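Report on the following structure.
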Amino acid sequence: MNEIPLHHLKGVGPRREILFNNLGVRNVTDLLYYFPSRYQDRRNFKKIKDLEVDEFSAVKAKVCAVNLKIFPYFLRKKFKKVKSVFEAILEDETGSICCTWFNQAYLSETIKPGVSLVIYGKVKVSSSGRQIIAPEYAIEQDDQALGIGKIIGIYKLPSEFTQKFIRKAISSVLKNYLPKHSDPLPYYLRRRKNVPNIAKSLEEMHFPSSWEDAEEARERFIFEELFLSQILVYLRKAKRNFQQGASFKALKSTIEKIRKNLGFKLTTSQEKSLTQIVDDLKKSHPMHRILQGDVGCGKTAIATFAIGICADCGFQAALMVPTEVLAFQHKETLEKSLKGLKFLSRRNPGEVIKVISSSLTKREVEDIYKELRSGKIKVIVGTHSLVQEGIKFKKLGLVVIDEQHRFGVAQRALLSKKGKIAPHCLVMSATPIPRSLALSLYGDLDSSVISQMPNGRKVAVTRWVKEKNRAEVYEFLRKILNKGRQVYIVYPVIEESLDQDLRPLKIMYKKIVEEFPEFKAKMFHGQMKSKEKIKAIKAFKDKRADILVSTTVVEVGLNIENATAMLVENPERFGLAQLHQLRGRIQRSQHQPYFTLISRENLNAEASRRLEIISKEPSGFKIAEEDLKLRGPGDFFGNLQHGLPNLKVANPIEDLEILKQARFSAYELIKKDPYLSQPRHRCLREHIDFSLFSKQ
Ligand code: ADP
Ligand code: MG
């Protein structure tokens, strides 16, 4: 690859190099792949008399007069930093027009009367007639006339760069470095797919000769990008099949005991996922599976089986969760559902199932380190404190990641490396994404989906109301509280902020206490100490509090079955996925849940759209699709850290067909050449980012 630094290019000094770096362009190859975000057709020259006001047009004309005004220093302030004005009158057989450039006095040396000029710019009218301000220009026959009379690419750039500058830079890179740039797509694949080679494709992306050629090149790069990402996926998968893992004998008695402890019958969908996981655990290479399912479908129960089996086979299991409160909740659930298992016999569950969290003392943490190394602790639950350096396991056999979208792939990899052999790995996610995306994002993971909710679960009644209904909403909450149910009230901020529209939790808490004197309310938010937070949740869980006044810290994972109503204030401030997660908190029992959103009267169109979607759509799967449409793939993907190269041209939803082809081609290739060692794959190898490969 061309790792040549950018300051080797003409016109690129240290300052511009930094600007380029900010765009993610670090070397010559990056620049070659810095594609236009759109194109403009500048092939048709207009006659001067036909120029339309406020339109961008290209004109070919002769300079008939020029005028350069240079302002003395004392006048500059008055004219807002304008040092000079250069005007040229252009003329063709139909008329004339004035072009004006500011602070470019040097133009007077090239743009002289009699010179033929091609320009491109927007036509404006002023008191002195029509004119074009600061048009792009080129002397005719000048080989730098890259931008005029052609289809040209428009690049996303910081204000310090002009389009013309980047075109020149790319043009020179194409001229000088292209021959050294190798084609990641092997020749036989290019022939089979009938796609142009890298040199032609890069030329056509930046300086298309026609719309068709531009499109052909774009498709090639979509394929290339998806193909490279899928190669990575299959390389990871292939590597795993060579890894030695722990093979667990899934004991029937272990599984039966857990079933009994759970106290409910698994859904068909849960049963299916369980079978798949148990099968994986028996194999001698490590499991890598994602368990997907909407909020509240019962993923924890399935993970519990894997953890129980692991511990009963004499190995240690680690469960990583995004918040401390969740860690304690999971520990409690595990203690209940693993009761009576072999590994717990004659032991106090509190000694072998432990939580590691930031609220422990140094001493306690060190004890945990010791007990993990000695193998005394069999199951450890924790936040990202689990990936701390001090942690080493004696015999790590299973890693479970809950709410995996909250973690980076790197963290998952770090945790997996803490044992001596590669552990089985189960990741769980409640962000349901369309299958096509799942393939490209999690293609290296096997997938299980829990597609149904436990029997008797009721869908929340969702209502979006305006401020004027507040009294009525409070009355409604009172009714629910009177029935013995509990209520969450969620606020967007903790304290008063500059934004007058937002209701701050601390102030509203007092109002809630006044409004509901007969009930007990507790606060729960991120400024509280860990211990206080855990105490507050415990009080709520034990029904010592009726109302939990909270921020979105309740968003993930919390499981309190008797809390069946939630009021969200300023819901316009929350994303769709977030609102759906919040709603998931109250759909956890047989009771009818109520989800109420209270917003001010006038919201912008996008916020209204979101609130309409959440009011009408109960399915997390559909909501994720709508979310994707509203936010676009870049933003959506940004939040799912997936350890694949960033996609620049491809959009896995729109380009689903190409994704399938790329996936298949990658699969075939890795099947034949799992180490990419064949000479015909040498160039491909050069283009694989192996730093991503290690993050598995
Ligand atoms: P999530 O998938 O969102 O993590 P949880 O695992 O927290 O969901 O489960 C939500 C609630 O549903 C828990 O209280 C759990 O005990 C209960 N649950 C799980 N599976 C079933 C089932 N098959 N029948 C009845 N309740 C279930
Ligand atoms: Mg969960």
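The values are calculated or read from the model by the stated rules, or taken from the named source; none is laboratory data. For clarity, every value in this text was computed on a predicted model and none was experimentally measured. Cβ coordinates were reconstructed from backbone atoms using ideal geometry, including for glycine residues, and neighbour counts include every protein chain displayed. The accessibility values were calculated without ligands, DNA or RNA, using every heavy atom of the protein model including side chains. Shrake-Rupley method; radii C 1.70, N 1.55, O 1.52, S 1.80 Å.
Listed values, structure above:
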| read-out | value |
| --- | --- |
| Length released on extending from residue 668 to residue 8, taking residue separation times 0.36 nm less the Cα-Cα span | 233.6 nm |
| Nearest-0.05 FRET efficiency for residue 336 and residue 473, computed from C-beta distance (R0 56 Å) | 0.95 |
| Estimated 222 nm signal from helices in the chain, with DSSP H stretches of n ≥ 4 weighted -39500 (n - 2.57), rounded to 500 | -12000 deg cm²/dmol |
| Alpha-carbon gyration tensor eigenvalues x 5, square-rooted, for the stretch 1-141, Å | 32, 22, 15 |
| Ordering of 540-550, 116-126 by packing [mean C-beta count within 10 Å, highest first] | 540-550, 116-126 |
| Per residue Cα convex hull volume in Å³ - calculated over the chain | 213 |
| Pairwise FRET efficiency - residue 376 versus residue 619, Cβ, R0 = 30 Å, nearest 0.05 | 0.10 |
| Accessible area of residue 223 in the full protein assembly, 1.4 Å probe (Å², nearest 10) | 10 |
| Extension gain from residue 124 to residue 244, taking 0.36 nm per residue of separation minus the Cα-Cα distance | 36.1 nm |
| Inverse of mean 1/r across different Cα pairs in the stretch 269-427, Kirkwood, Å | 15.5 |
| Probe 1.4 Å, all protein chains present, accessible-area order of 677, 273, largest first | 677, 273 |
| Contact order relative to length of the chain, as percent, for alpha carbon pairs under 8 angstrom and 6 or more apart | 13 |
| Degrees, to the nearest 10: 470-482 long Cα axis against longest axis of the chain | 20 |
| With DNA, RNA and ligands ignored, accessible area of residue 195 (1.4 Å probe; Å², nearest 10) | 40 |
| Relative packing of 569-575, 280-286, which averages over residues the other C-beta atoms within 10 Å, highest first | 569-575, 280-286 |
| Spacing of the two label points (7 Å from each Cα toward its C-beta) at residue 200 and residue 71, in nm | 5.3 |
| The stretch 82-211 - Debye-derived log10 I(q)/I(0), Cα point model, q = 0.10, 0.21 Å⁻¹ | -0.46, -1.35 |
| Backbone N within the stretch 371-387 under 19 Å of label point (7 Å from residue 364 Cα along the Cβ vector) | 371-373, 376-387 |
| Estimated inter-spin distance, residue 162 and residue 278, nm [label 7 Å along Cα→Cβ] | 7.2 |
| Protein-only accessible surface order, largest first, of 211, 101 at 1.4 Å | 211, 101 |
| Calculated FRET value between residue 680 and residue 268, using beta carbons and R₀ = 51 Å, to 0.05 | 0.60 |
| Rg followed by Dmax, in Å, when the stretch 51-130 is reduced to its Cα trace | 13.5, 42 |
| Kirkwood estimate for the stretch 175-244, i.e. one over the average of 1/r between Cα atoms, Å | 13.6 |
| Kirkwood Rh and Cα Rg combined as Rg/Rh, the stretch 327-375 | 0.99 |
| Inter-label distance, nm, simple model (7 Å from Cα along the C-beta direction), residue 256/residue 21 | 6.5 |
| Area accessible to solvent at residue 552, 1.4 Å probe radius, in Å² | 40 |
| Theoretical gain in end-to-end length, residue 531 to residue 459 [0.36 nm per residue, Cα-Cα removed] | 22.6 nm |
